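Participant: My questions will all concern the structure given below.
The values are calculated or read from the model by the stated rules, or taken from the named source; none is laboratory data. The structure presented is a predicted model; accordingly, all values stated were derived computationally and were not measured. Positions of Cβ are generated from backbone atoms using ideal geometry, with glycine treated the same way; all protein chains shown enter the neighbour counts.
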Amino acid sequence: MELTPKEKLLVFALGIYLSNLKKRVSSDLDVTIQKSVFIDFVLKTKLFEKKERALYKNLENLEKKKLLSYPVKRIVLTERGWKAYKKICEAVNHYLILQDALSTELIVKGTRKIQTIFH
C-alpha cells in the first residue's frame, strides 16, 4: 500500500488536525470532525491546488486503502491511518529539526565569525 505524495500530505494534514483537536480536550475522549469541515480547512490552507470534488475523491481513495473511515459522516483515521501518519511524521521530523535549528540562534552561536557582504 504505497501512498502518493498528495495522499501522504492529506493523511499528514488530517493527523495534525486531529492531534491538535485532541490536545484541546480530555485525553479520554476521541475526536472526530465532519468531512466538510476538514475539506474547508484544506481549501483555506491552500495545501492543494485541487478543487473540492478532487479532495473528496482523494479521501475516498484513502478510505479504500483503509486509512480512513466515516462513521456518521465524520472522518476518523483508522489504526492503519495512524501508523501511516506516524511514519510520515518520522520522515518529516528531520526537516523540521533543521528548520528549527536554522530559525533559532543555534546557527549563529555555532559559527566563529559571521561575515556580511553587501553588494
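Participant: Checking Lys46 against (1) modelled with pLDDT under 90; (2) farther than 18 Å from Lys8 by Cα, which single condition isn't satisfied?
Facilitator: Status for Lys46: all satisfied but (2).
Listed here are the residues, each with its yes/no results for (1) surrounded by 11 or more Cβ atoms within 10 Å (Cβ to Cβ); (2) farther than 17 Å from Pro5 by Cβ; (3) not aliphatic (A, V, I, L, M).
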residue: Ser36; (1), (2), (3): yes, yes, yes
residue: Leu47; (1), (2), (3): yes, no, no
residue: Ala54; (1), (2), (3): yes, no, no
residue: Asn58; (1), (2), (3): yes, no, yes
residue: Tyr70; (1), (2), (3): yes, yes, yes
residue: Val76; (1), (2), (3): yes, yes, no
residue: Val92; (1), (2), (3): yes, no, no
residue: Leu102; (1), (2), (3): no, yes, no
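Participant: Then there's this: How many residues does region 15-49 hold that are in a loop (DSSP other than H, G, I, E, B) and β-branched (Val, Ile, Thr)? Talk me through it step by step, then tell me what you get.
Facilitator: Step one: filter region 15-49 for residues in a loop (DSSP other than H, G, I, E, B), giving 25-32, 46-49.
Going one step further and asking which of them are β-branched (Val, Ile, Thr), we end up with 25, 31-32.
Count: 3.
Participant: Cβ-Cβ below 8 Å, separation at least six or inter-chain, first residue in region 25-45 and over 14 Å from Ser69 (Cα atoms), second outside any helix (DSSP H, G or I) and aromatic (Phe, Trp, Tyr): which pairs?
Facilitator: Close Cβ pairs satisfying both conditions: Val42/Phe48.
Participant: Let me ask something else. Where residues in region 56-92 are of a type in the set (Gly, Ala, Ser) and in contact (Cβ under 8 Å) with a residue 12 or more places away in the chain, which of them is nearest to Lys35 (Cα to Cα)? Let's see the steps before the verdict.
Facilitator: Initially, region 56-92 is screened for residues of a type in the set (Gly, Ala, Ser), giving 69, 81, 84, 91.
From the residues that got through so far, the ones that are in contact (Cβ under 8 Å) with a residue 12 or more places away in the chain too are 81, 84.
Details: Gly81: 16, Ala84: 19 Å.
So, considering only residues that are of a type in the set (Gly, Ala, Ser) and in contact (Cβ under 8 Å) with a residue 12 or more places away in the chain, the one nearest to Lys35 (Cα to Cα) is Gly81.
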